[in-house]
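Read the structure below first, then the notes.
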Amino acid sequence: MTVQFLLTVVYAPVHWVFCLVLALTLVVVGMFLEILSWIPAVETGLMKLMDAVFRVVPMWPLWFVTLPELRHEGDAEFYRARVERQLTAPLKAATPPRELDVPRRKYRALGAGYVAQAAPVHGWELDPDTPFDPWREVKLLRPPVLAGAAPAGPGTAPSGTP
């Protein structure tokens, strides 16, 4: 893990400059393609290209390790708190999102199984439309019934029951 952290410290600035150059290149290409904007599929194609490029070259690669992750290597409570924050933070928003992606770095010491077990407690369920990929992230959905309501906590009755 220490070697990963050192590689992250050395490589991260180079990687981020590369991502910035890549993004600027795509913007410049997009400016030239703006001339062809009268063709309906050009703009959609550029957006798909940008999505594909940044899916292959992510801003935060899976093997990057931050200093807090290095300090808390093997500390399940640290990662448990990170997963809980990830699962509850969107629910505090004015309009909670319907989808949530929990990246691997949030559950590194616990495993994706813990996220899958903790998600229903907070009103989330695994996304049935996407393949389960624990090496990358866990994709969660809000059930349609709960999409607009916060989940019931312990000791509270669900809405509509006495």
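The values are calculated or read from the model by the stated rules, or taken from the named source; none is laboratory data. Just so you know, these numbers come straight off a predicted model, no measurement behind them. So basically every Cβ, Gly included, is an ideal-geometry build from the backbone, and we count neighbours across all protein chains shown. With ligands, DNA and RNA removed, areas are computed over all heavy atoms of the protein, side chains included. Shrake-Rupley method; radii C 1.70, N 1.55, O 1.52, S 1.80 Å.
Using the Karplus curve 6.51 cos²θ - 1.76 cosθ + 1.60 with θ = phi - 60°, work out ³J(HN,Hα) for each residue of the range 114-123 in order, rounded to whole Hz, and write x for Gly and Pro.
For the range 114-123, the Karplus-derived couplings read 5, 4, 5, 7, 7, 4, x, 4, 9, x Hz, x marking Gly and Pro.
Compute the accessible area per residue over the range 25-101, keeping the other protein chains in place, probe 1.4 Å, unit Å².
With the other protein chains kept in place, the range 25-101 gives 69 Å² per residue.
In the range 1-56, which chymotrypsin sites (Phe, Trp or Tyr not before Pro) fall in coil by DSSP and have 14 or fewer other Cβ atoms within 10 Å? If you can, show how the numbers build up before the last one.
Working: sites: Phe5, Tyr11, Trp16, Phe18, Phe32, Trp38, Phe54; in loops: Trp38.
Here the chymotrypsin sites (Phe, Trp or Tyr not before Pro) that fit, given the DSSP loop and packing criteria, are Trp38.
Checking a compactness column here: for the chain, what do you get for Rg(Cα) / (2.2 N^0.38 Å), N being the number of residues?
Working: Rg = 20.0 Å, N = 162, 2.2 N^0.38 = 15.2 Å.
My calculation over the Cα atoms of the chain gives 1.32.
In nm, what is the difference between 0.36 nm times the number of residues separating Arg55 and Ala76 and their Cα-Cα distance?
Extending this stretch completely gives an extra 4.7 nm.
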